[in-house]
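Take a look at the structure set out below.
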Amino acid sequence: MGRVSKRKASMETGLENVAGAGKKNGKKYRAGVYARLSSDMDADKNESVDVQISIAKNFVEKFNRKQDERIEIVECYSDLGKTGSNFNRDGFLRLMQDIRLGDINCVIVKDLSRFGRNYLEAGNYIEKIFPFLGIRFIAVSDGLDTGERGSGTDQLASEIKNLINDMYAKDFSVKAKTWLQQKRQAGSYVGGPPPYGYTSAWEKKIRKLVPDGNTVEIVRFIFTAFVERESFTAVADELNRRRVNPPVVYKKTGEVYCPADVQYKGWDKGAIERMVSSRTYAGMLAQGKTSITARDERNRVHKPEKEWIVEKNAHEALVSAELFERAQEICAKIRKRSASCKHPTEGIPIGENIFDPVLYCGVCGRKMTRSSPVKEYADGTRERKDWYFCLDGGQKKNESCPQTNRISKIELTEILLAVLHTEFAIYLDKSGHFSETGKEQIREAVSRIGREIKSVQAAAGRLAEEESAMYTDYRTGKITQKEYVGRKMENEKRGRELGSLEEKLKEQLKTLEKVKSRYLKAIRALVTLKSCGEITAEMVSALVEKIYVYPGRRVEIKFRYTNEMLEGVV
């Protein structure tokens, strides 16, 4: 049976070859099908992505039956809910990337409007960019195929259609903005996901916000607690103590409270401030605060408040008008208090943060943050007092650092000075001696490695000469081909070993230069420490790798150098 199958397969292959003989010399194209669906299109219309791709595939199937040339669809690219007014679309950008990589040399679209509605940019791609890259462009419904272009008629037709598409995009942009304006004025919620405390429901053709029974009481608690405590942070801490999920987690999981076996991601004061400042919870709907341009959807313009569309009693309020107004009075008081404290440091500049690169929390590993408040004394003089603290320390929002962890710059400096004097006592008295000794050791190491590099290079030269002589012997018949090949392979292996050794020695030279720089920097830092007894940024950078601070002002210091500063140099 095996022989019969093989003969049958052979006959079928032969028939295919005969049938395809006329197409053997035709050009083969690797096509990418591109489909786009605007946000204004309904999925059940004839413009759906699946329909566009199906039209392109049917075209390719008929094309391959009739033409000498062949098209093979390599990939399908699509963009959902993307405007045709700009070409900054994920699917289209992926198509262009594959074109530049040489994977695609033909682009097929249902029609020009699916490709783009920007007249100038679409024309630039079709008439300049694609021809330059050797790309064939086919718009099936419009009958445009740049591979068959013999006159300027098709070009003129495509330019006219691109212009029409561009005009349509501009016209639709105006209509869409007008439609949104009307919806907002009718009190319809046209935003994204509803704010925390609400869900959305349709009443006829108007989308309304309705209270979310799961979180209504949480919202009311936030307003009441804020009015009582007059602190955003205090309210956030209470919610975190109760393990109430923040809005982003609630929208994702649907869980109001965080289970005990799940890592908790809590509230911060910013979230509380945004909530108690939002008019939405008093039943008002403020929309149209921003707008976007059709040319670039990411370019969002913030409008002045007088241009907002504010609808009172647009939906059920979650808090009373009196409670909301009281919350706004407290917010205003907090902002006024913060504004009055914004510039108490005028004339007292912030000093250099010398510990910034090396200071970490010993509990959670997070970099410590500096705070530089100004203290005013009874005689009117003012002075900055630097403190370092862990942002997560003592925060109920983050359980990785349960205790408050902070230390003043004065305390940290005193501890570091004492440890430096103890650790480097021997160097402080003989810094000059150690400087000269280190330089001499590094010079000797550099000289030694230099000699080794020259030796390796000389061996590589001798190897090249030997290979040349060996080739001469082979050509003159002194050695056989087998001997020549065997010795050549050995020489090549030895040559690779010598090359690898040379690279390794050169890397050692680079390392020595770095060690020399760090060593001399450390010696200068020790000289400074002995002469002035102060901590400087250069000293910290040269001598300290990391400083870990623990609650209770306990400090752990990891030095860059131990008592053997040149360990590993020679």
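The values are calculated or read from the model by the stated rules, or taken from the named source; none is laboratory data. Nothing here was measured: the structure is a model prediction, and the numbers come from that model. With ideal geometry, Cβ positions are generated from the backbone for all residues, glycine too; neighbour counts draw on all protein chains shown. The accessibility values were calculated without ligands, DNA or RNA, using every heavy atom of the protein model including side chains. Shrake-Rupley method; radii C 1.70, N 1.55, O 1.52, S 1.80 Å.
A few comments on the model shown:
- Percent of beta bridges antiparallel (DSSP, the range 27-148, rounded to nearest 5): 10 percent
- Net length available on complete extension from Val210 to Arg384 is 57.5 nm, with 0.36 nm assigned per residue and the Cα-Cα distance removed.
- Projected label distance in nm at Glu255 and Glu507, using a 7 Å step from Cα toward the beta-carbon: 4.7 nm
- At R0 = 51 Å, FRET efficiency that the Cβ-Cβ distance of Asn58 and Ser200 yields, to 0.05: 0.80
- Theoretical FRET efficiency, 1/(1+(r/R0)^6), r = Cβ-Cβ of Lys439 and Asn124, R0 60 Å, to 0.05: 0.45
- Contour minus Cα-Cα distance for Ile350 and Tyr377 (0.36 nm per residue): 7.9 nm
- Efficiency of FRET between Ser277 and Glu538 - r from beta-carbon atoms, R0 56 angstrom, step 0.05: 0.75
- Spin-label model, Ser468 to Asn313: label points 7 Å out along the Cα-to-beta-carbon direction sit 10.2 nm apart.
- Phe559 long-range amide H proximity, modeled H, under 5 Å: Glu545
- Most to least accessible of Met284, Met275 (protein chains only, probe 1.4 Å): Met284, Met275
- Per-residue extension of 0.36 nm, minus the Cα-Cα distance of Ala458 and Arg496, leaves a gain of 12.3 nm for this segment.
- If you take the Cα centroid of the range 96-133 and the Cα centroid of the range 456-520, the two points sit 51 Å apart.
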